[in-house]
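Everything on this sheet refers to the single structure shown next.
The values are calculated or read from the model by the stated rules, or taken from the named source; none is laboratory data. Since this is a predicted model, take the numbers as computed values, not measurements. Every residue, glycine among them, receives a Cβ derived from its backbone with ideal geometry; neighbour counts consider all protein chains shown.
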Amino acid sequence: MAHFERDDFGDIEILLGDVVFLESGMIVDCLDCPAYLQSHQDPYSTAMTTQRVTVGKNYERHVKLEVIRRSLFTTLKESFDFFRVRLDHDLAHRYIKHQVPDFDESPFCVPQGLYVVDGISKYLRGHAIICTTYKAAEDRHRLHLLFYKDISHQTSIERLRVIKNPESFGE
């Protein structure tokens, strides 16, 4: 029933192709983080950026759809009030909804789970490790993650579990 081949404490090399288990709470750099999570970004952006994240934590957008629409309506209403012109509220709401269509407001999360080691860069005192999602699916997007091993860095992971038989992991 032992799914763990080895626990890496720095004395054992991590190899390309190894499958590792990243636990909730580990800090990593996500190389495929949606840019819209950062403040002052286009809410419809499909661009990706690198962002430091905690595995298992949900990240919300900084600005919600209703906040944008409410702010635009308030600005429009105050402009009409300033010039003492009657505003058709229903028409204004429909116009704003047309100009600011719905967007996906679901949170972004790097889930706890299995990741395949795709790249290792050796440094004088440690390693930079790049992993991708093991067996990505519709409900589990392919993510590229970067973290460090044996280096004093914010994303340094001291103990990394390498999984011997990932097909039967979790059974």
Query raised in the report: Out of (1) under 30 Å from F147 (Cβ atoms); (2) assigned to a loop (DSSP other than H, G, I, E, B); (3) out of contact with any helix residue (DSSP H, G or I) (no Cβ under 8 Å at 6 or more places or on another chain), what's the single condition that is false for C33?
Result: (2)
**Report entry** Residue among S24, S79 that is more than 15 Å from the chain's Cα centre (by Cα) and surrounded by fewer than 16 Cβ atoms within 10 Å (Cβ to Cβ)
**Finding:** S79
**Report entry** Residues of the range 112-149 satisfying the condition of being under 15 Å from M26 (Cα atoms) and either of a type in the set (F, W, Y) or surrounded by fewer than 16 Cβ atoms within 10 Å (Cβ to Cβ) (or both)
**Finding:** Q112, Y115, F147, Y148
Query raised in the report: In this structure, does R159 turn out to be in the same structural domain as V20 (by TED's automatic domain parsing) and modelled with pLDDT of 85 or more?
Result: no
Report task. Could you please find all residues in the range 27-43 being surrounded by fewer than 19 Cβ atoms within 10 Å (Cβ to Cβ) and either farther than 13 Å from I130 by Cβ or at pLDDT below 95 (or both)? Result -> I27, D32, P34, A35, L37, Q38, S39, H40, Q41, D42, P43
Query raised in the report: If we keep just the residues of the range 44-68 that are buried (at least 16 other Cβ atoms within 10 Å of the Cβ) and of a type outside the set (A, V, I, L, M), which is modelled with the lowest pLDDT?
Result: R61
Report task. Hey, can you tell me all the residues within the range 36-76 that are over 14 Å from F103 (Cα atoms) and over 16 Å from the mean Cα position of the chain (by Cα)? Result -> H40, R70, S71, L72, F73, T74, T75, L76
Query - From D139, D88, D150, residue being acidic (D, E), free of Cβ contacts under 8 Å to residues at least 12 places away in the same chain and more than 30 Å from H62 (Cβ to Cβ) - result: D88
Requested in this report: Assess whether S24 counts as being at pLDDT 90 or above, assigned by TED's automatic domain parsing to the domain that holds K135 and either not β-branched (V, I, T) or not in a strand (DSSP E or B) (or both).
Outcome: yes
